[in-house]
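*Asks:* The structure under discussion is supplied below as structure tokens; questions concerning it will follow.
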Amino acid sequence: MARRLAPLPAYDYRRAVSKNPSSLRVLGIETSCDDTAAALVHLRATELPEVVAEHVTRQDAAHAPYGGIVPEIAAREHAALVDQAVEAVMQRRNWAGIDVIAATAGPGLIGGVMVGLNFAKGLSVALSKPFIAVNHLEAHALSVQLSHQLAYPYLLLLVSGGHSQLLRVTDLGEYQRLGSTIDDAAGEAFDKTAKLLGLPHPGGPALEQLAASGDETRFALPRPLSGGDRLDFSFAGLKTATARYIARDIHTDQDRADLAAGFQRAMTDCLVDRAARALAAQPDVTAFVAAGGVAANRTIRTALEAVATAQGIDFIAPPMRWCTDNAAMVALAGGLHFAKGRQSDLDTGARARWPLDAQAASRAPSIGSGRKGPKA
Ligand code: KG4
Ligand code: ZN
């Protein structure tokens, strides 16, 4: 049996914040997918958090030759880049000013998660600072609070390369997963379809650009799970139907543009269908928040906003840098928990899977996969 490390010596976090309990400086580290990121965030009791410094290195160029994210390459890149990311946010700042170090511990690509998590633990020991392990999905769920002061509960649609989830954010640490993908994530479907259309990685933005000159009504494409009772997503059938057209009917640039537009519309309709039903079922939410790389798509964003407006609910799409993977959201999530007196032990392991809503995960164990291996 593996020997376990002794837990981090008990650290009285009140000592760190006793001078000013409403002021916490958190160093956050994010390495769970293909972005190597660090951020320094100052949490204050009554104001929005201040993102003092942040740094993200996207690994698109390293993965582009393979047309998708290669986990081993991602881990190597993180290993090469993580110290630079931390250095970039610390610059000449005094380490003594940091109250707590937060790092993503999952869910994600395990090699990358281990790099950031172990780096954070190393810093924690070297600096005698407390450490807190953060759930990446929870960080996404809370990230809107970097830019907006809003009250719980709110509804979050998280659509990225790795996740497609509808989450009710009831309170800090209290999340209800209303729906998630049963096959591909939304961004993954964009990327795979874009690849079939001969577009470069990452495919989402390229497909959106191609779709701009297309006729979205020309090709009939399915809207899987639309109109049902479930709030889950399924995009594999849409991608396959698109692939069939590509094999048979696509000869000119206009054909490609029309098919891209048709795909984008079908995807939009699926997201709108689920969002509208989720909002109708959660009438007490204060806002509808859309996050993740796919939320950058203008057609999708406009359609989601219209859904919220029709139901009299505020629509919030946070700034893109906090919608996609970033470390400010990790620092925020870690800091909010730390402020409640929580911290993590040094033997906290990296997790490929880490459901935010364990009950939902056990209700539907087959649900929730995607490009990046097993998902929460
Ligand atoms: O959140 P993100 O940067 O990283 C993670 O996957 O965690 O999301 C990236 C995903 C990719 O699949 C990318 O193709 C997709 O978001 N994406 C888009 C657009 N911009 C990025 N999909 C559709 N339209 C876009 N404009
Ligand atoms: Zn993410």
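Every number here is computed from the coordinates shown, using simple stated rules; none is lab data. Just so you know, these numbers come straight off a predicted model, no measurement behind them. Neighbour counts are summed over all protein chains in view; Cβ atoms, including those assigned to glycine, are modelled from backbone coordinates with ideal geometry.
*Asks:* Which of the listed residues, MET320, HIS201, CYS270, is farthest toward the dipole's positive end in the stretch 188-332, when Lys, Arg count +1 and Asp, Glu count -1 at the beta-carbon?
*Replies:* HIS201
*Asks:* Using 7 Å Cα-to-Cβ label points, what is the TYR152/GLN84 separation (nm, one decimal)?
*Replies:* Distance between label points: 3.9 nm.
*Asks:* A further question on this structure: LEU43: net charge of surrounding residues, Cβ under 11 Å, Lys/Arg +1, Asp/Glu -1, itself excluded?
*Replies:* -1
*Asks:* If we sort 160-166, 354-360 on the protection proxy, mean other Cβ atoms within 10 Å, highest first, what's the order?
*Replies:* The peptides rank, most packed first, as 160-166, 354-360.
*Asks:* Moving to a separate point now. What is the dipole size for the stretch 94-247, taken about its Cα centre, with +1 at each Lys and Arg Cβ and -1 at each Asp and Glu Cβ, in debye to the nearest 20?
*Replies:* 260 debye
*Asks:* Below 8 Å, C-alpha to C-alpha, sequence gap of six or more: please give me the relative contact order for the chain in percent.
*Replies:* 24 percent
*Asks:* Identify, among ALA151, LEU225, GLN176, the residue whose Cα sits farthest towards the positive end of the charge dipole of the stretch 118-260, taking +1 on the Cβ of Lys and Arg and -1 on the Cβ of Asp and Glu, with the dipole about the Cα centre.
*Replies:* Selected residue: GLN176.
*Asks:* In debye, nearest 20: dipole of the stretch 196-311 around its Cα centre with unit charges on the Cβ of K, R (+) and D, E (-)?
*Replies:* That gives the stretch 196-311 a dipole magnitude of about 180 debye.
*Asks:* Below 8 Å, C-alpha to C-alpha, sequence gap of six or more: please give me the relative contact order for the stretch 127-184 in percent.
*Replies:* 23 percent
*Asks:* For the chain, rounded, prolate or oblate, judged on the Cα gyration tensor with a ≥ b ≥ c (square roots of eigenvalues), a/c < 1.5 rounded, else prolate if a/b > b/c?
*Replies:* Since a/c reaches 1.5 and a/b is larger than b/c, the shape of the chain is classed as prolate.
*Asks:* In the chain, with Lys and Arg counted as +1 and Asp and Glu as -1 at Cβ, which of these residues, SER22, ALA61, ALA291, has the Cα nearest the positive end of the dipole, that is, farthest along it?
*Replies:* The residue sitting farthest along the positive end of the dipole is SER22.
*Asks:* Same structure, new question: Could you give the nm distance between label points at LEU172 and ALA96, where each point is 7 Å from its Cα heading toward the beta carbon?
*Replies:* About 2.7 nm, to one decimal.
*Asks:* May I ask you to sort LYS340, LYS121, LYS195 by Cβ crowding, counting other Cβ atoms within 10 Å and putting the fewest first?
*Replies:* Ordered from fewest to most neighbouring Cβ atoms within 10 Å, LYS340, LYS121, LYS195 come out as LYS340, LYS195, LYS121.
*Asks:* Taking Rh as the Kirkwood radius computed over C-alpha pairs, what is the Stokes-Einstein D of the stretch 229-353 at 10 °C in a medium of viscosity 1.306 mPa s, expressed in µm² per second?
*Replies:* 89 µm²/s
*Asks:* Could you put ASP269, ASP184, ASP325 in order, starting from the residue whose Cβ has the fewest other Cβ atoms within 10 Å?
*Replies:* Fewest-to-most Cβ neighbours within 10 Å comes out as ASP269, ASP184, ASP325.
*Asks:* Can you classify the stretch 131-180 as rounded, prolate or oblate using the Cα gyration tensor, where a ≥ b ≥ c are the square roots of its eigenvalues, rounded means a/c under 1.5, and otherwise it's prolate if a/b beats b/c and oblate if not?
*Replies:* Cα axes put the stretch 131-180 in the rounded bin.
*Asks:* Taking neighbour Cβ counts within 10 Å as the exposure measure, how do GLU30, GLU54 sort from fewest upward?
*Replies:* GLU54, GLU30
*Asks:* Assuming R0 = 51 Å, can you tell me the calculated FRET efficiency for the pair GLU50 and ARG244, based on Cβ-Cβ distance, to the nearest 0.05?
*Replies:* The formula returns an efficiency of 0.50 here.
*Asks:* Related question: How many angstrom separate the Cα center of the stretch 51-78 from the Cα center of the stretch 79-150?
*Replies:* Value for the Cα centre distance between the two parts: 16 Å.
*Asks:* How large is the charge dipole for the chain, taken about the Cα centre, if only the Cβ atoms of Lys, Arg (+1) and Asp, Glu (-1) carry charge, to the nearest 20 debye?
*Replies:* It comes to approximately 840 debye.
*Asks:* Order 291-301, 308-318 from most to least packed using the mean count of other Cβ atoms within 10 Å.
*Replies:* 291-301, 308-318
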